[in-house]
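The values are calculated or read from the model by the stated rules, or taken from the named source; none is laboratory data. As the structure is a computational prediction, the values presented were derived from the model and not from experiment. Here the Cβ positions follow ideal geometry from the backbone for every residue, glycine too, while neighbour counts run over all protein chains shown.
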Amino acid sequence: MKNSEKNEILNTIWDSATKQLKNLLNEETYAQWIIPVLPVSYDGKKFILGVSDEFFLSWLQDNFGEIIANAVSKAAGKKTILNFEIGHTHPEEKAPPEKPVKKAAKSKAAKKRAPKNCHNRHTFNNFVVGPENEFAVAAAKSILKTDGPSPANPLFIYGGTGLGKTHLLQAVAHEAAEKNPDAVIEYLSCEEFLNLYLESLNTKMHARFRNRFRKADYLLIDDIHFIAKKTSLQEEFFNTFNNLYNADKKILLTSDRRPSEINHLEDRLVSRFDSGLTVDIQPLGVETRMAILQKKQEEHLIKIDNNILFFIADKITSNVRRLEGALTRLLTFLSLKGGKLTIDDTERILAPMLEDEISTLLTVETIQKTVADHFDLKVADLTGNKRPRNIAVPRMMAMYFSRKMTDKSLPEIGSCFGKNHATVLHAVKEMDKRQKVDNTIKHTLSLLERQLQNV
Ligand code: ADP
Ligand code: MG
């Protein structure tokens, strides 16, 4: 087949697929996520689409991957494998004729382009605020308000996986860029920061690396705990940090744990990280999870009833990424079959995801092991009959989490510890009480809770 024929087939399939997608997605979502995608090749089995970069790709795949794959298969008339390639930028002249981009609007849009490495969608507008994250959001916003010293600087945000730390950090980058288009904003993951640092050593471009980060008005580093054990990077970061801090530049860091809990992090860095404001994002409650689903579904034309959304919010508790995945799955199903969803349909469609959630439910044994490891004890110490002081508190903590994080009854938990239900009940009450008045207990419980959420 000639190349021109191949191209024609490619374009015809993509045209037909995009028509279907236009009927499924709202105008804004379609313009933001489908228009920039380019058809690259089709060999009769595999259809390749081109996108600009990794960030775009991961969002597109997570959220619209299944919908696009179905639309392409339907357009091609047979099951087609969909692959993506990065590095393809949509030429502007190919913008759809019905939506011409005016010159003035274009320059404004150019200014509004996402800061490097940041996702367009990760803005404050798209971030749902609930009691679990409101303090973190307020702190992030407060940093943007002042140009000079701020009590919230540096801001250290920590919390479990999928709770919105990256989203929030990138929202700050967007807002900072919007507020001052000339601001130098460095947003990057700790891993990227490390790679750049290592590269700079290899290529003897160290001065350039150093200058780059010391010029920043905003230094935003995601997942800073990866700096643990990297002694020379810690040294470098310490100096950069001091430079920026002394010049009242803004420093925001995220992590899965608080600074003092990052093992192998130099004390002087712990105290620098803690010198501003340290805030956490708690696991999201069902109301916030529901609000996120409602917000996310606004992107789609297909509507799902609130009782179904509530079913998802209630069942999928572990992290927002999974919540979004479940919604996408249902939307894909509806886009193919039409009609209305019942709870039974929902349960069937989401079965693999719901099973995953259940299998992520903890066992008492895992809790005992995690708590014992934390205190350098053996599981047998927690389940045995000894009652020295150093064992009493860890044992109560293990019982407390067994009650909070598993669906076991008090007597069942009791028997895992060789105790009766009254001892477990006492432990739960005691921990509830003590964490209100004893900060050490409170912090240990919250550290263990985060560890348990990630096992
Ligand atoms: P983390 O960095 O804490 O692991 P992310 O920021 O990557 O989590 O969030 C995972 C996904 O969940 C992202 O798609 C993000 O946009 C979404 N998300 C998390 N929290 C919220 C929220 N409060 N409102 C809206 N979306 C959220
Ligand atoms: Mg993250």
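From the list 211, 153, 202, the one residue that fits, being loosely packed, with under 14 Cβ neighbours inside 10 Å, modelled with pLDDT of 90 or more and away from ligand 1 (no atom under 16 Å from the Cβ), is 211.
Would you confirm, using the coordinates I've provided, whether residue 278 is away from ligand 1 (no atom under 16 Å from the Cβ) and among the β-branched types (Val, Ile, Thr)? Criteria not met by residue 278. Restricting attention to the stretch 46-78 and to residues that are modelled with pLDDT of 90 or more and in a loop (DSSP other than H, G, I, E, B), the residue that is nearest to ligand 2 (Cβ to nearest atom) turns out to be 78.
Each row is one residue, and each column tells you yes or no for (1) more than 27 Å from residue 115 (Cα to Cα); (2) more than 16 Å from ligand 2 (Cβ to nearest atom).
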residue	(1), (2)
226	no, no
233	no, yes
276	no, yes
281	no, no
293	no, yes
297	no, yes
302	yes, yes
308	yes, yes
312	yes, yes
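Candidates are the residues of the stretch 288-344 that are outside any helix (DSSP H, G or I), within 16 Å of ligand 1 (Cβ to nearest atom) and out of contact with any strand residue (DSSP E or B) (no Cβ under 9 Å at 6 or more places or on another chain); the one that is farthest from residue 406 (Cα to Cα) is 298.
Report yes if residue 171 is within 16 Å of ligand 2 (Cβ to nearest atom), touching a strand residue (DSSP E or B) at 6+ places or on another chain (Cβ under 7 Å) and at pLDDT 95 or above, otherwise no.
The answer is no for residue 171.
Sort through 447, 425 and tell me the only one that's within 22 Å of residue 285 (Cβ to Cβ), assigned by TED's automatic domain parsing to the domain that holds residue 368 and surrounded by fewer than 20 Cβ atoms within 10 Å (Cβ to Cβ). Only one candidate qualifies: 447.
Taking the residues in the stretch 214-226 that are within 16 Å of ligand 1 (Cβ to nearest atom) and assigned to a helix (DSSP H, G or I) as candidates, determine which candidate is farthest from residue 155 (Cα to Cα). Top of the filtered list is 226. Going by what's in this entry, would residue 135 be described as away from ligand 2 (no atom under 16 Å from the Cβ), assigned to a loop (DSSP other than H, G, I, E, B) and not assigned by TED's automatic domain parsing to the domain that holds residue 290? The answer is no for residue 135. Across the stretch 180-189, a minimum of one residue is classified as within 16 Å of ligand 2 (Cβ to nearest atom), small (Gly, Ala, Ser) and either part of a helix (DSSP H, G or I) or in the same structural domain as residue 130 (by TED's automatic domain parsing) (or both).
Is there a residue being within 26 Å of residue 439 (Cα to Cα) and either among the polar types (S, T, N, Q) or outside the structural domain of residue 144 (by TED's automatic domain parsing) (or both) anywhere in the stretch 250-257? The answer is yes; a qualifying residue exists.
Specify the residue that is farthest from the chain's Cα centre (by Cα); the eligible residues are those in the stretch 238-254 that are within 16 Å of ligand 2 (Cβ to nearest atom) and more than 18 Å from residue 145 (Cβ to Cβ).
Of everything passing the filter in the stretch 238-254, 253 is farthest from the chain's Cα centre (by Cα).
For the stretch 156-167, a residue qualifies if it is among the basic types (Lys, Arg) and either more than 7 Å from ligand 1 (Cβ to nearest atom) or surrounded by fewer than 21 Cβ atoms within 10 Å (Cβ to Cβ) (or both), but none of them does.
Every residue, every condition in (1) surrounded by fewer than 17 Cβ atoms within 10 Å (Cβ to Cβ); (2) modelled with pLDDT of 95 or more; (3) of a type outside the set (Gly, Ala, Ser); (4) more than 30 Å from residue 182 (Cα to Cα), yes or no:
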| site | (1), (2), (3), (4) |
| --- | --- |
| 222 | no, yes, yes, no |
| 226 | no, no, yes, no |
| 232 | yes, no, no, yes |
| 235 | yes, no, yes, no |
| 250 | no, yes, yes, no |
| 253 | no, yes, yes, no |
| 259 | no, no, yes, yes |
| 264 | yes, no, yes, yes |
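Quick check on the stretch 239-255. Is at least one of its residues assigned to a helix (DSSP H, G or I), away from ligand 1 (no atom under 16 Å from the Cβ) and either among the charged types (D, E, K, R) or closer than 30 Å to residue 332 by Cα (or both)?
Taking every residue of the stretch 239-255 in turn, none turns out to be assigned to a helix (DSSP H, G or I), away from ligand 1 (no atom under 16 Å from the Cβ) and either among the charged types (D, E, K, R) or closer than 30 Å to residue 332 by Cα (or both).
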